[in-house]
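First up is the structure itself, then whatever we jot down about it.
The values are calculated or read from the model by the stated rules, or taken from the named source; none is laboratory data. These numbers come from a predicted model, not from an experiment. Ideal geometry is used to build each Cβ from the backbone, glycine not excepted, and the neighbour counts take in all protein chains shown.
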Amino acid sequence: MANDPETLRIDPGEIGGWPILRIDYPTDPKCIAALLPPGLEPADTADVHLSIYNVPVSDEPEYGVVVKVDALYRGTKGGYALAYGIDQESAVYISKDTNGQPKFLAEIEYFRNGDGVRARCGHAGYTFIEFQGRTKGAAALPGSFTDRDYWIKVSRAVGFAEKSYDFPPHVVVVKADYEPVHRIAVEGELRLLESPWDPIATLLPVRGAVRAQLTLDRPIERSITLEGALDPDAFWPFVDTIGSSRWPGSRGGPKRPA
């Protein structure tokens, strides 16, 4: 039964079944538009979606943070993934090489103690996200839903040849169906901190009310498919990114000052 404590019971020490801390907030539409490569378009909303989690991957806990923004691909709304910061190195490079998932190593703290909820996300010595809040009781469950995410698979040509690729940019579509199990409302403070490695504070500032929940959903079906190619010349300004994220960068590092 949804939101039933017995259904949600976790045996002591169990690493599965942790709820995801989902935080959503509106930003300036022009900020999202500046980060979308040609072939993806702004949606009718300009929300940023943060997911801070602990899930078992390869039979051990993976702490992570996902940063997505509203976007359209071929007229269908989804979330364009800018960053997947995780603490499990074994999953970083295979995810990027295989599916274009923008994963990089990060330091993640996330826990609930009683009605307190806290999270902190750091990378390369900089904290870029902090959240501190308190639970406010069960929230209404939505109906079954579909998440649609957009990743970019691309490989520059060996030797940094100008506008050359070993594999030109393609969109990867991740479609996942879920049945909601659990929703807990959370009130708290979200702090976006300036960082040259994860410039969320400067590139996606908060421009409205912040919404937060603890969520648990039962996966029904998931697919990852290679979709259409993007214009390789138009994509070239987006090929330099910070680490394995899709934040704008220069030869894999922070963006140089203009």
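Within region 44-59, the set of residues being part of a strand (DSSP E or B) and in contact with a helix residue (DSSP H, G or I) (Cβ under 7 Å, 6 or more places away or on another chain) comprises Val57 only. Would you confirm whether or not region 211-224 contains a residue that is basic (Lys, Arg), exposed (fewer than 15 other Cβ atoms within 10 Å of the Cβ) and modelled with pLDDT under 95? There is at least one residue in region 211-224 that is basic (Lys, Arg), exposed (fewer than 15 other Cβ atoms within 10 Å of the Cβ) and modelled with pLDDT under 95.
Of all the listed residues (Gly249, Gly159, Gly243), the sole one being crowded, with 18+ Cβ neighbours inside 10 Å and at positive phi is Gly243.
Matching residues to (1) surrounded by fewer than 21 Cβ atoms within 10 Å (Cβ to Cβ); (2) assigned to a strand (DSSP E or B):
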{"site": "Pro61", "(1), (2)": "yes, yes"}
{"site": "Val66", "(1), (2)": "no, yes"}
{"site": "Leu72", "(1), (2)": "yes, yes"}
{"site": "Tyr80", "(1), (2)": "no, yes"}
{"site": "Tyr84", "(1), (2)": "no, yes"}
{"site": "Ala91", "(1), (2)": "yes, no"}
{"site": "Ser95", "(1), (2)": "yes, no"}
{"site": "Thr98", "(1), (2)": "yes, no"}
{"site": "Gln101", "(1), (2)": "no, no"}
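Does region 164-186 contain any residue that is in a loop (DSSP other than H, G, I, E, B) and touching a strand residue (DSSP E or B) at 6+ places or on another chain (Cβ under 9 Å)? Checked region 164-186: at least one residue is in a loop (DSSP other than H, G, I, E, B) and touching a strand residue (DSSP E or B) at 6+ places or on another chain (Cβ under 9 Å). Is it fair to say Arg120 is among the basic types (Lys, Arg) and surrounded by fewer than 16 Cβ atoms within 10 Å (Cβ to Cβ)? Against the criterion (among the basic types (Lys, Arg) and surrounded by fewer than 16 Cβ atoms within 10 Å (Cβ to Cβ)), Arg120 does not qualify.
Hey, could you check region 123-138 for residues that are more than 22 Å from the chain's Cα centre (by Cα) and either surrounded by fewer than 16 Cβ atoms within 10 Å (Cβ to Cβ) or of a type in the set (Lys, Arg) (or both) and say which is modelled with the highest pLDDT?
Here is the first cut: in region 123-138, the residues more than 22 Å from the chain's Cα centre (by Cα) are 134-138.
Now drop any that are not either surrounded by fewer than 16 Cβ atoms within 10 Å (Cβ to Cβ) or of a type in the set (Lys, Arg) (or both), which leaves 134, 136-138.
Values: Arg134: 98, Lys136: 95, Gly137: 94, Ala138: 94.
Ranking the qualifying residues of region 123-138, first place goes to Arg134.
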